[in-house]
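*Asks:* Dumping the structure here so I can ask a few things about it.
What follows draws every value from the coordinates through simple rules; no lab data is involved. Just so we're clear, the structure is a prediction, and the values are computed from it rather than from any experiment. With ideal geometry, Cβ positions are generated from the backbone for all residues, glycine too; neighbour counts draw on all protein chains shown.
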């Protein structure tokens, strides 16, 4: 099997960053597509309460998935830095340690999630008419969460060595399988929300098989040998130092979103269904910032490891320009055609109105998420994962929850919930940019000039 790693420390900065980011973005689009298909198939074939059940589970599933994504992204910083420094022995050991740990914690999380599902649904104040279907969906979904944990770390290994193409291919295959399984389990059999959850598990398992086949069969420096799977405590501490802050950040923001869901759920199943549809749609805008963020974290980590600071700083401008251009193009299309997109998910007129209103309120403000994601991942790429965690939690949790508490006390209006998201992005972006400019930019600017 040919080598698929890519050295991001040489060549055109703009060309390499965009070519590396594009498969990540396309992969996220397909991943969001098959997550959206769950909601579309359920909403149009089972009913409004079933769509509300899936929507009620979303922030809970993001809590666990976000933890594993954050952990793999943080671990990927270490992988990319050692790869950029050409310390392949350490890379080999770090990969085997992280894969072993992800298997252990994935199984533990799956068992815990199944047991505490009712408690989690009560935490988000899931209404009685939705609770039973949400409980069924979430319990089955949790069984497959171990596959999510294992896939994320495997895909993180590939991306850290510059291979974003193969994870994209695997997500496309998994997405197609998920759509086919959705139609089979929900429409043909039919199993309702249980079928949608089963379809997700099947696609997640397939993605694990594909990514681990690549890791085991490759002749490249990141090859995985099953007999060498073990945990080296020293390396695990390094991985945890970078990965745990990112994992905690993602999880706590998801917990914050669960409390936001309490506000949403108080407006009833119409709001739950409509806002749930709008959140699926707006992810197609927000995912570009997340994708380019993942790419720039890896890009900067490799170049930081290779002491190519000139390339690291240049990549920031490229990322910002790409983000803004995409958001303007896609955001405009979704804003203008908001009703069309919401109707894909549901035919309920009351729910549709909630979805349209949320899109029209939030879409013009997505540039703030772009700024937040870019500079957060820049700082993370320089190895300051704890700082990113603190800045993000301060903005996305503290500032947003204060805004919601005050605004909802003054006026119990659903639009205050919509505005809460960009308020959090803006505050987090401001905090992390100030840190970047004062600490990282000033410290390394002189070294960058010397390297030019």
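*Asks:* Taking only C-alpha pairs under 8 Å that are 6+ residues apart, what is the relative contact order of the chain in percent?
*Replies:* In percent, rounded to a whole number, it is 24.
*Asks:* Between (i) 1.00; (ii) 0.96; (iii) 1.03, which entry matches Rg/Rh (Cα atoms, Kirkwood Rh) as derived from the coordinates of this structure?
*Replies:* So the calculated entry is the one marked (ii).
*Asks:* Which whole-angstrom value gives the distance between the alpha carbon centres of the stretch 112-131 and the stretch 313-384?
*Replies:* For the stretch 112-131 versus the stretch 313-384, the Cα centre distance is 29 Å.
*Asks:* Which order, highest average first, do 231-241, 260-270, 286-296 follow once you tally other Cβ atoms within 10 Å for each residue and take the mean per peptide?
*Replies:* Result, highest mean Cβ count within 10 Å first: 286-296, 260-270, 231-241.
*Asks:* Over the stretch 96-233, what is the relative contact order in percent, taking alpha-carbon pairs closer than 8 angstrom and at least six residues apart?
*Replies:* Taking the mean separation of contacting Cα pairs over the length of the stretch 96-233, I get 33 percent.
*Asks:* Within the stretch 31-57, whose backbone N sits under 18 Å from a point 7 Å along Cα→Cβ of residue 169?
*Replies:* Zone members listed by number: 31.
*Asks:* For the stretch 65-176, just list the percent of Cα-Cα distances falling in each 10 Å bin from zero outward, please.
*Replies:* Calculated P(r), rounded to whole percents: 14, 35, 28, 16, 6, 1.
*Asks:* Follow-up. May I ask for the angle, rounded to the nearest 10°, between helix 233-265 and the longest principal axis of the chain, with both axes built from Cα atoms and the value confined to 0 to 90°?
*Replies:* It is inclined by approximately 20 degrees.
*Asks:* Something else: Taking the Cα centroid of the stretch 209-263 and of the stretch 393-426, what is the distance between the two, rounded to the nearest whole Å?
*Replies:* Cα centroid of the stretch 209-263 versus Cα centroid of the stretch 393-426: 31 Å apart.
*Asks:* Can you give the extra length, in nm with one decimal, that the chain gains between residue 408 and residue 128 once fully stretched, where that is 0.36 nm per residue apart less the Cα-Cα distance?
*Replies:* Length difference between fully extended and current span is 98.5 nm.
*Asks:* For the ranges 306-319, 134-147, what's the packing order if you count other beta-carbon atoms within 10 Å of each residue, average per peptide, and put the highest first?
*Replies:* Going from most to least packed, we get 134-147, 306-319.
*Asks:* Could you work out the relative contact order of the stretch 297-452, using alpha carbon pairs under 8 angstrom and six or more residues apart, expressed as a whole percent?
*Replies:* About 30 percent, as a whole number.
*Asks:* May I ask for the angle, rounded to the nearest 10°, between helix 128-143 and the longest principal axis of the chain, with both axes built from Cα atoms and the value confined to 0 to 90°?
*Replies:* 30
*Asks:* On a 0 to 90° scale, report how tilted helix 309-336 is relative to the longest principal axis of the chain, with both axes built from alpha carbons and the result rounded to the nearest 10.
*Replies:* In the chain, helix 309-336 runs at an angle near 20 degrees to the longest axis.
*Asks:* Under 16 Å from a label point 7 Å along Cα→Cβ of residue 104: give me every residue in the stretch 200-237 with its amide N that close.
*Replies:* Output list for this probe position: 228-237.
*Asks:* Give the separation of the Cα centroids, the stretch 266-311 to the stretch 1-79, in Å.
*Replies:* Centre-to-centre (Cα) distance: 8 Å.
*Asks:* If R₀ is 41 angstrom, what is the calculated FRET efficiency for the pair residue 329 and residue 217, using the beta carbon separation as r and rounding to 0.05?
*Replies:* 0.60
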